[in-house]
Amino acid sequence: MVNIRCAVTNCKITNYNKPPGVVFHSCPSSKEMRNKWLQILKNKCSMLDWSRSKICSKHFEKKYFDSQRKLRENAIPTIFTFSSNSKMSKTDSPIERTKVDRLLSRMNQAQLSSDIKNTFNKIKVPSNLDIFITDDLKCKPDSPIEAHLWLLIKKQDYLNGMLTSQLARNKKQVETLHKNLDEIRTHKKDTEQNIDTLKYIVKCLQEKHATLEEQIEILSAVESR
Ligand SMILES: [Zn+2]
């Protein structure tokens, strides 16, 4: 068997490990479709060879397949993010994941955060949550699902807090950099003005020098008589 692997950089699918139902697709032959693919794939593939590269079917939405699971002519790869356990399981169908991924990408951090909190507020915190948690901050295997969920939300919340403060620090640094840049610009302007003044002084001195030389010439002429 020839070794075929998906050309998408972060995709590990080869013909040896591909899950059932996943097939490889060649790049389109029409120039118009190739340009569309190129626009999408230029940052997703480290190397793309139109005659040989293959893209696995995990990168195509369901709508791009016909009833025989053949790729339609207008198909373009649009799916590049997979959940962390990228091996497909029976409960984790690609169609479900695609929809969630697509919807998630439209939400911002604040929306997601409040959504998660609202959902979790409906689940009562186990009053004895601490007894379900191990010292390495994991849930004991026999813990109730609420304990698992609450540990997760608490971790998520903590992470959000860290990210928010990191963001605030980054913002401050950017502000400082902008201020420095402004100072450098003002300084540059001052320097340019100083150079202009100095040039003027040099010009004046040169003129004065010329006048003095003339005077010396006249005086020497007078003296030599
Ligand atoms: Zn792939």
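The values are calculated or read from the model by the stated rules, or taken from the named source; none is laboratory data. The shown structure was predicted, so the numbers you read here are calculated from the model rather than taken from an experiment. Neighbour counts run over all protein chains shown; Cβ positions are idealised from the backbone, glycine included.
In the stretch 49-67, the residues that are farther than 18 Å from Phe80 by Cβ and modelled with pLDDT under 95 reach residues that are in a loop (DSSP other than H, G, I, E, B) and within 14 Å of the ligand (Cβ to nearest atom) with C-beta atoms within less than 7 angstrom, at least six apart or across chains, in these pairs: Trp50/Cys27. Applying the condition of being within 13 Å of Lys99 (Cα to Cα) and touching a Ser or Thr at 6+ places or on another chain (Cβ under 9 Å) to the stretch 60-69 and asking which residue is surrounded by the most Cβ atoms within 10 Å (Cβ to Cβ) yields Phe60. Scanning the stretch 115-136 for residues that are under 37 Å from the mean Cα position of the chain (by Cα), surrounded by 10 or more Cβ atoms within 10 Å (Cβ to Cβ) and not in a helix (DSSP H, G or I) yields Ile123, Val125, Ile133, Thr134. Somewhere in the stretch 200-207, is a residue without any contact (Cβ under 8 Å) to a residue 24 or more places away in the chain, in contact with a Leu (Cβ under 8 Å, 6 or more places away or on another chain) and surrounded by 10 or more Cβ atoms within 10 Å (Cβ to Cβ)? No, the conditions are met nowhere in the stretch 200-207. On inspection, Arg34 fails the criterion of being free of Cβ contacts under 8 Å to residues at least 60 places away in the same chain, within 17 Å of Asn3 (Cα to Cα) and not hydrophobic (A, V, I, L, M, F, W, C). Of the residues making up the stretch 12-21, those that are near the ligand (Cβ under 10 Å from one of its atoms), without any contact (Cβ under 8 Å) to a residue 60 or more places away in the chain and not in a strand (DSSP E or B) number 2.
Among residues of the stretch 208-225 being among the charged types (D, E, K, R) and part of a helix (DSSP H, G or I), the one that is surrounded by the fewest Cβ atoms within 10 Å (Cβ to Cβ) is Glu223. State all residues of the stretch 47-73 that are out of contact with any helix residue (DSSP H, G or I) (no Cβ under 8 Å at 6 or more places or on another chain) and within 13 Å of the ligand (Cβ to nearest atom); if no residue qualifies, say none. Those that are out of contact with any helix residue (DSSP H, G or I) (no Cβ under 8 Å at 6 or more places or on another chain) and within 13 Å of the ligand (Cβ to nearest atom): Ser53, Lys54, Cys56, Ser57, His59, Phe60. No other residue among Leu198, Leu181, Leu159, Leu205 is under 27 Å from Asn108 (Cα atoms), hydrophobic (A, V, I, L, M, F, W, C) and either touching a strand residue (DSSP E or B) at 6+ places or on another chain (Cβ under 7 Å) or assigned to a helix (DSSP H, G or I) (or both) apart from Leu159. Residue count for the stretch 22-46 satisfying the condition of being among the polar types (S, T, N, Q) and within 14 Å of the ligand (Cβ to nearest atom): 2. Only a single item in (1) more than 13 Å from the ligand (Cβ to nearest atom); (2) in contact (Cβ under 8 Å) with a residue 40 or more places away in the chain is not met by Cys6, and it is number (1).
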